[in-house]
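Engineer: Below you'll find the structure I mean.
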Amino acid sequence: MIFLEKKDVLILAIESSCDETAAAVVKNGREVLSNVINSQIEIHKRYGGVVPEIASRCHIEAIDTVIDEALLKAGVTLDDVDAIAVTYGPGLVGALLVGVSEAKAIAFAKNKPLIAVHHIKGHIMANFIAHKDLQPPFVCLVASGGHSHIVLVKDYNDFEVLGRTCDDAAGEAYDKVARVLGLGYPGGPKIDALAKEGNSEAIAFPRVKMTNALDFSFSGVKTAVINYLHKLEQNGEEYNKADVAASFQEAVVDVLGEHTIRAAKENGVCKVALAGGVASNSALRARMQKLCAENGFEFFVPPPVLCTDNAAMIGCSAYYKYLDGDFADMSLNAVASLEL
Ligand code: KG4
Ligand code: ZN
């Protein structure tokens, strides 16, 4: 049994936007009582990426057990929780619908408030769980498989997008390059590991500049890597995979780091955070740490388990919406391309 003060707010959070079925119980926004993640990676791996229909089916099969386990690990029952939170977008619509329907059903049956959470805001909020003293404002780079944004976090519920990718997300580029290198899915961790054995200056892959200096484009560097490999293969020439991985990563990390620091400077903010799956990348973490130290900024990054998809971050975001009285009703629907 856990000890609960009367004023404590307990939230059961559900996340099912892509290929992780996750549930968590979060106390007062920042204390994680349980964080259960059922990953479908092993299933999608054989197809080289996430298959939306399979993801939806796997969510349906797993969600009840995942929620039961989250409640059990937290030592609470549905009657103890103050609200049910769920990711309602962006993501795969069929996958999102499983979580949204489940959350609505529980909220209705148990007569609890329902809180709709934006997936990208959730990623950002993981920083509040990992760093108990962190307070807004700060600049956060969110880089995942589906999104790459630079966000000014003005307050717990007040976000401004300063820059975004015009084409591929950073994680998408990692996954695609890993695929052409024959490393398998998901590519990010594989490239991260292989790059440690390579020379990051071996090949000069492009760093694309956009009209809005804080925007990104990763399709150019992805295509440059593919063309480089095809050309060598056509000529029957050998190449060093580790050098390609390290040089590609260097190009991506260069741009992510430069733009994020510029955003902090332009907005007079002295705290910088990372979020999203790509934030678990060792080279990006090291680069941001270095750049922040050079510029006198404080640097924040969640542990890898809170960088990739999880429901604890959704519970954290929901807590601040709860405090604002920002509740959803039974008409809540999944929104695949929800804007920030
Ligand atoms: O946040 P996330 O779990 O799901 C989305 O919301 O997209 O991010 C998954 C992405 C994948 O593209 C994966 O390759 C990438 O994050 N990723 C990494 C690393 N770990 C995961 N990318 C680079 N380095 C890593 N260590
Ligand atoms: Zn995500």
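The values are calculated or read from the model by the stated rules, or taken from the named source; none is laboratory data. Keep in mind that this is a model prediction, so the values were computed, not measured. Cβ: placed from backbone, ideal geometry, glycine included. Neighbour counts: every protein chain shown. Surface areas here come from the heavy atoms of the whole protein model, side chains and all, with no ligands, DNA or RNA. Shrake-Rupley method; radii C 1.70, N 1.55, O 1.52, S 1.80 Å.
Engineer: How about segment 270-285: which of its residues are open to solvent by 10 Å² or more (accessible area, probe 1.4 Å) and in a helix (DSSP H, G or I)?
Structural biologist: Gly277, Val278, Ser280, Ser282, Ala283, Arg285 - these are the residues of segment 270-285 that are open to solvent by 10 Å² or more (accessible area, probe 1.4 Å) and in a helix (DSSP H, G or I).
Engineer: Oh, and also: Inspect segment 95-114 for any residue being of a type in the set (A, V, I, L, M, F, W, C), within 15 Å of ligand 1 (Cβ to nearest atom), surrounded by fewer than 24 Cβ atoms within 10 Å (Cβ to Cβ) and more than 23 Å from Pro302 (Cβ to Cβ) and give the result as yes or no. Steps first, answer last, please.
Structural biologist: Step one: filter segment 95-114 for residues of a type in the set (A, V, I, L, M, F, W, C), giving 95-98, 100, 103, 105-109, 114.
Going one step further and asking which of them are within 15 Å of ligand 1 (Cβ to nearest atom), we end up with 95-96.
Within this subset, residues satisfying the condition of being surrounded by fewer than 24 Cβ atoms within 10 Å (Cβ to Cβ) are none.
Within segment 95-114 (the criterion being of a type in the set (A, V, I, L, M, F, W, C), within 15 Å of ligand 1 (Cβ to nearest atom), surrounded by fewer than 24 Cβ atoms within 10 Å (Cβ to Cβ) and more than 23 Å from Pro302 (Cβ to Cβ)), the answer is no, since none of the residues qualifies.
Engineer: Moving on to the next point. Do we have any residue at all in segment 256-269 that's open to solvent by less than 30 Å² (accessible area, probe 1.4 Å) and either polar (S, T, N, Q) or not in a helix (DSSP H, G or I) (or both)?
Structural biologist: Yes, because at least one residue in segment 256-269 is open to solvent by less than 30 Å² (accessible area, probe 1.4 Å) and either polar (S, T, N, Q) or not in a helix (DSSP H, G or I) (or both).
Engineer: When segment 254-285 is examined, which residues are found to be within 16 Å of ligand 1 (Cβ to nearest atom) and within 22 Å of Asp133 (Cα to Cα)?
Structural biologist: Matches in segment 254-285: Thr260, Ala273, Leu274, Ala275, Gly276, Ala279, Ser280, Arg285.
Engineer: Is at least one residue of segment 303-310 farther than 29 Å from Ala22 by Cα, open to solvent by 50 Å² or more (accessible area, probe 1.4 Å) and within 16 Å of ligand 1 (Cβ to nearest atom)?
Structural biologist: no
Engineer: Against the definition (of a type in the set (Gly, Ala, Ser) and open to solvent by less than 30 Å² (accessible area, probe 1.4 Å)), how does Ser217 come out, yes or no? Full working, then the answer.
Structural biologist: Values: of a type in the set (Gly, Ala, Ser): yes; open to solvent by less than 30 Å² (accessible area, probe 1.4 Å): yes.
So Ser217 passes the test.
Engineer: Please work out if Leu332 is assigned to a loop (DSSP other than H, G, I, E, B) and either more than 22 Å from Ile191 (Cβ to Cβ) or in contact with a strand residue (DSSP E or B) (Cβ under 6 Å, 6 or more places away or on another chain) (or both). Full working, then the answer.
Structural biologist: Working: assigned to a loop (DSSP other than H, G, I, E, B): yes; either more than 22 Å from Ile191 (Cβ to Cβ) or in contact with a strand residue (DSSP E or B) (Cβ under 6 Å, 6 or more places away or on another chain) (or both): yes.
Judged against the criteria, Leu332 is a match.
Engineer: Quick test for you: out of Met313, Met288, pick the one residue that is hydrophobic (A, V, I, L, M, F, W, C) and either modelled with pLDDT under 95 or more than 19 Å from Asp215 (Cα to Cα) (or both).
Structural biologist: On the way: Met288 fails: either modelled with pLDDT under 95 or more than 19 Å from Asp215 (Cα to Cα) (or both).
Sole residue among the options that is hydrophobic (A, V, I, L, M, F, W, C) and either modelled with pLDDT under 95 or more than 19 Å from Asp215 (Cα to Cα) (or both): Met313.
Engineer: Please count how many residues of segment 135-149 are open to solvent by less than 40 Å² (accessible area, probe 1.4 Å) and within 16 Å of ligand 2 (Cβ to nearest atom).
Structural biologist: Initial filter on segment 135-149 (open to solvent by less than 40 Å² (accessible area, probe 1.4 Å)): 136, 138-144, 147-149.
Going one step further and asking which of them are within 16 Å of ligand 2 (Cβ to nearest atom), we end up with 140-144, 147-149.
Residues that pass the stated criteria total 8.
Engineer: Then there is this: Going through segment 286-323 one residue at a time, which ones are under 18 Å from Ile120 (Cβ atoms) and assigned to a loop (DSSP other than H, G, I, E, B)?
Structural biologist: Within segment 286-323, Val301, Pro302, Thr308, Asp309, Asn310, Ala311 qualify.
Engineer: Give just the number: which of (1) away from ligand 1 (no atom under 13 Å from the Cβ); (2) farther than 25 Å from Leu71 by Cα; (3) assigned to a helix (DSSP H, G or I) does Glu238 not satisfy?
Structural biologist: All conditions pass for Glu238, except number (3).
Engineer: Output the number of residues of segment 7-52 satisfying the condition of being open to solvent by 20 Å² or more (accessible area, probe 1.4 Å) and either of a type outside the set (D, E, K, R) or closer than 18 Å to Ser144 by Cα (or both).
Structural biologist: Qualifying residue count, segment 7-52: 17.
Engineer: Give all pairs with beta carbons closer than 6 Å in which a residue from segment 143-163 that is over 22 Å from Cys18 (Cα atoms) and without any contact (Cβ under 8 Å) to a residue 24 or more places away in the chain meets a residue that is away from ligand 2 (no atom under 12 Å from the Cβ) and open to solvent by 40 Å² or more (accessible area, probe 1.4 Å); count only pairs at least 6 apart in sequence or on separate chains.
Structural biologist: So the pair list comes out as Lys154/Pro137.
Engineer: Let me ask something else. Quick one: in segment 225-250, of everything that is among the hydrophobic types (A, V, I, L, M, F, W, C) and touching a residue at least 24 places away in the same chain (Cβ under 8 Å), which residue is most open to solvent (accessible area, probe 1.4 Å)?
Structural biologist: Per the stated criteria, the residue is Ile226.
Engineer: Here is a list: Arg179, Arg164. Which entry is surrounded by fewer than 24 Cβ atoms within 10 Å (Cβ to Cβ) and more than 15 Å from Val255 (Cα to Cα)?
Structural biologist: Arg179
Engineer: Still on this structure: Would you mind finding the one in Ala70, Ala55 that is within 16 Å of ligand 2 (Cβ to nearest atom), crowded, with 16+ Cβ neighbours inside 10 Å and at negative phi?
Structural biologist: So the residue among Ala70, Ala55 that is within 16 Å of ligand 2 (Cβ to nearest atom), crowded, with 16+ Cβ neighbours inside 10 Å and at negative phi is Ala55.
Engineer: Hey, another quick one. Output the residues belonging to segment 295-325 that are closer than 19 Å to Ser148 by Cβ and without any contact (Cβ under 8 Å) to a residue 60 or more places away in the chain.
Structural biologist: Phe299, Pro304
The rows are residues; the columns are (1) within 16 Å of ligand 2 (Cβ to nearest atom); (2) assigned to a helix (DSSP H, G or I); (3) of a type in the set (Val, Ile, Thr); (4) free of Cβ contacts under 8 Å to residues at least 24 places away in the same chain.
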| site | (1), (2), (3), (4) |
| --- | --- |
| Ile63 | no, yes, yes, no |
| Ala85 | yes, no, no, no |
| Gly91 | yes, no, no, no |
| Ala95 | yes, yes, no, no |
| Gly99 | yes, yes, no, no |
| Glu102 | no, yes, no, no |
| Ile106 | no, yes, yes, no |
| Ile115 | no, no, yes, no |
| Met125 | yes, yes, no, no |
